[in-house]
Amino acid sequence: MSKVLRALTPEEFANKREADSNLCVIDVRTADEWETGHLAGAILLPMHTIVRRIGELNPKQETIVVCQRGIRSDFVAQFLLVIKNFESVSMLCGGMNAWVGEVITGDTL
């Protein structure tokens, strides 16, 4: 059975975060982009560091990938799902550009 990457609308993403506090949300943007506004509880793992830092993630934990517009998160989510065999991976469709909820600004790593 093949796994399917799910693209969540901002509303679906918000509902999922509210319903499941065990989600792993990773932000694959650069540190500079992160500082302009990121999601509370997200982990900064810039796209270029994913291969090196893959061990920081739990493949059994439901994971949602976020970027600025949805392009990088699509690549990373596919990598996690297909190549690294993560059990459940979704992405925020439209990325932070589509997100209208609360964001945290500044370097709060």
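Descriptive notes on the structure:
- Relative contact order (%) - the stretch 1-93, alpha-carbon pairs under 8 angstrom, separation at least six: 38
- Cβ-derived FRET efficiency at R0 25 Å, THR36 paired with GLN61, nearest 0.05: 0.40
- Distance between modelled label sites at ALA19 and VAL51, nm, 7 Å Cα→Cβ extension: 3.6
- Placing pseudo-labels 7 Å out from each Cα toward the beta carbon at VAL103 and ARG69 gives an inter-label distance of 1.5 nm.
- Cα gyration tensor of the stretch 6-98 - equivalent ellipsoid semi-axes, whole Å, descending: 17, 16, 12
- Point-to-point label distance, VAL4-VAL82, nm (Cα→Cβ direction, 7 Å offset): 1.6
Quick note: the coordinates plus some simple rules give every number you see, no bench work behind them. Fair warning: this is a prediction, and the values are worked out from it, not measured in the lab. FYI the Cβ positions are ideal-geometry reconstructions off the backbone, even for glycines, and counts take in every protein chain you see.
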